[in-house]
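Asks: Here it is: the structure, laid out below.
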Amino acid sequence: MNSNELIASVLNDWWYYSVELAPGIVTKGMDTPQTPMLPRMMVRNCNLQDMDCLDIGSMEGLVPTAMVRKGAKSVLATDAIPHCQKKMDVVRKIYDVNFDFREIGLLYDLSFKLKDKGGFDFINLSGVLYHVFSPMHVLAGIRPLLKKNGLMVISTNVINKDGYTLEYNAEGGLQKENNTFWYHSVPMLEQLIRFFKMVPIDFLFCPHTPVNPYNYVPGLSSGYMSVVCRAVEDADIADGDAWAAAARMSSWEFLSLCNGPMLNSQPRSSITYDGSLNEVPTSLSGIRLMDSINDPKRIVASVNDPINSQMLRLADMS
Ligand SMILES: C[S@@+](CC[C@H](N)C(=O)[O-])C[C@H]1O[C@@H](n2cnc3c(N)ncnc32)[C@H](O)[C@@H]1O
C-alpha cells in the first residue's frame with residue numbers, strides 16, 4: 001500500500017485519538033484539542049531514554065509512539081483485545097516507530113501474563129482503573145512488573161474529598177459510559193499507591209466541569225488525576241502504616257495476587273524524573289495528594305497547545 005492508500009484505509013474509522021496522518025489530515029478523535037491529556041504531560045517528565053516501557057490500554061498507540069520518540073529502548077503496547085490493531089499499525093508506519101503489541105485480555109494477573117517480558121523501568125497505567133471491577137487486583141498484577149526504583153504513571157477519575165472510599169457509578173450517575181464502575185476518593189488512590197509499594201512524587205488534576213457534560217455531575221467535586229509514582233522497597237517504607245505492612249506480609253490476597261518472587265527479584269532502574277512541579281524535594285515518603293490538590297499549579301482545566309491533548313501531530317516528539 002502506498003501512503004495515500006494507507007491513510008484512506010483508516011481515516012474514516014472511529015478514532016479515540018486525533019492523529020495527524022499526513023500534513024493537515026487529522027483523524028477525528030473523541031476529545032477537543034483543548035482537553036488536557038494529563039498522562040501524556042506526566043509521561044513527558046519521565047526520562048525514558050534507553051528504558052523498557054509498558055503501556056496498558058493503548059488504543060491507537062499515542063503513548064507508545066511518544067515513548068519511542070522519547071528514546072525508549074523497548075516499548076510494549078497492550079490492550080484487552082486488538083480492537084485498534086489496524087489503526088495502530090498505520091500509526092506505527094506513518095510515525096516510523098517500532099513497538100510491540102500484546103493482547104492481554106482483562107487487566108488482571110499481568111505479572112503472570114507478561115512474565116516473559118521481565119521488568120519495566122516505566123509503566124503507564126492510565127484511563128483504566130475506573131473500567132475494572134477490582135482496581136486492587138489490577139495493581140497487584142502490574143506492580144511486580146516494575147523494576148526497583150521504577151516509575152509508574154497512574155491516572156484515573158477521582159473525587160476530591162477526604163476519606164478512603166470508592167464511589168460506585170450507580171445508575172450511571174457519574175457518567176453514562178457502560179464500562180465505568182468506580183471513582184476513587186483522592187486519599188483512597190494514594191493509599192492504593194502506597195499499599196503496592198510506591199510513593200506519589202508528582203500529579204496533575206483536571207476537574208470535571210460543565211464544559212464537558214459527559215462527566216460533569218453538579219455538586220460533585222470530581223475530576224481526572226494523573227500521578228507519577230516511584231517504586232520503593234520494603235526497607236524504605238517508613239509511613240507508619242503497620243497494618244498495611246502486615247497485610248503485605250500475610251494477607252492471602254497480597255500473597256497470591258501480587259507475585260512476590262517477581263517483585264522482589266526485579267533489577268534496579270536508573271530512571272529519573274524531571275517534573276517541574278515537584279518542588280517538594282522527593283523524599284522516600286513522596287508527597288500527599290490532598291495537601292496540594294487545590295494548588296492552581298496542579299490544576300489543568302484546559303490546554304492551549306495540542307501537544308498536551310489527545311491530538312498527536314507528526315512533529316510531536318512526546
Ligand atoms: C479510556 S481508554 C484509555 C487509553 C489510554 N490508556 C489513555 O490513557 O489515553 C481505556 C483503555 O482500556 C481498555 N479497557 C477498557 N476497559 C477494559 C477492561 N475492562 N479490561 C481491559 N481493558 C479495558 C480499552 O480498550 C482502552 O485501551
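Asks: Which of S134, S185, S111 ends up with the largest GNM mean-square fluctuation for the chain, with Cα atoms connected below 10 Å?
Replies: Of the options given, S134 has the highest mean-square fluctuation.
Asks: Moving to a separate point now. Which value in nm describes the separation of the simple spin-label points at D50 and N178, placed 7 Å from the Cα toward the beta carbon?
Replies: 5.0 nm
Asks: Give me the extension gain from Y273 to E171: residue separation times 0.36 nm, minus the current Cα-Cα distance, reported in nm with one decimal. Please list the in-between numbers first.
Replies: Details: separation 102, 0.36 × 102 = 36.72 nm, distance 4.03 nm.
Taking 0.36 nm per residue and subtracting the Cα distance, the gain is 32.7 nm.
Asks: Follow-up question, since we're still on this one. So which lysines pass the test for K117, namely a Cα distance under 30 Å, with those fewer than 8 places away in the same chain ruled out?
Replies: Excluding near neighbours in sequence, the set is K70, K73, K86, K87, K93, K147, K148, K197.
Asks: Over the Cα atoms of the stretch 36-305, what Rg and Dmax result, in angstrom?
Replies: Spelled out, the Cα radius of gyration and Dmax of the stretch 36-305 are 17.7, 52 Å.
Asks: Hey, quick one: spin label on S318, modelled 7 Å out along Cα-Cβ, who in the stretch 48-74 has an amide N within reach, i.e. under 16 Å?
Replies: Residues 48-51, 63-73 fall inside that zone.
Asks: Answer with one residue from L114, L38, Q191: the one whose Cα lies farthest towards the positive end of the charge dipole of the stretch 36-305, charges on Cβ with Lys, Arg +1 and Asp, Glu -1.
Replies: L114
Asks: Sticking with this structure for a sec: Quick one: which residues, 5 or more positions from M198 or on another chain, have an amide H under 5 Å from its amide H? H modelled 1.01 Å from N in the peptide plane, none for Pro or chain starts.
Replies: For M198, whose amide H was placed from the backbone, the distant partners under 5 Å are V232.
Asks: What is the packing order of peptides 22-35, 57-70, taking the mean over residues of other C-beta atoms within 10 Å and listing the highest first?
Replies: Working: 22-35: 15.3, 57-70: 24.4.
Top to bottom by mean Cβ count within 10 Å: 57-70, 22-35.
Asks: How do the peptides 240-252, 38-50, 9-21 rank, highest first, by the average count of neighbouring beta carbon atoms within 10 Å per residue?
Replies: Numbers: 240-252: 12.1, 38-50: 20.8, 9-21: 18.2.
Ranking the peptides 240-252, 38-50, 9-21 by packing returns 38-50, 9-21, 240-252.
Asks: Apply 1/(1 + (r/R0)^6) to the Cβ-Cβ distance of K93 and V211, taking R0 = 45 Å, and write down the FRET efficiency to the nearest 0.05.
Replies: Working: r = 35 Å, r/R0 = 0.78.
Between K93 and V211 the formula returns 0.80.
Asks: Given only helices, namely DSSP H runs of n ≥ 4 each adding -39500 (n - 2.57), what is the per-residue ellipticity at 222 nm of the chain, to the nearest 500 deg cm²/dmol? Provide the component values of the computation, followed by the final result.
Replies: On the way: 10 runs with 74 residues, N = 318.
The helix contribution divided over the chain gives -6000 deg cm²/dmol.
Asks: Under the Karplus relation 6.51 cos²θ - 1.76 cosθ + 1.60, θ = phi - 60°, what is the ordered set of whole-Hz ³J(HN,Hα) values for the stretch 11-20, x standing for Gly and Pro?
Replies: Once rounded to whole Hz, the list reads 3, 9, 6, 6, 10, 7, 9, 8, 10, 6.
Asks: Once you charge only the Cβ atoms, +1 for Lys and Arg and -1 for Asp and Glu, what is the size of the charge dipole of the chain about its Cα centre, to the nearest 20 debye? Mind showing how you got there, number by number?
Replies: Numbers: 28 positive and 34 negative charges, 65 e Å.
Dipole of the chain, to the nearest 20 debye: 320 debye.
None of the figures in this text is laboratory data; all of them are computed from the coordinates on show. Note that the structure is a prediction, hence the values are computed from the model and not measured. Glycine gets a Cβ as well: all are built from the backbone with ideal geometry, and neighbour counts include every protein chain shown.
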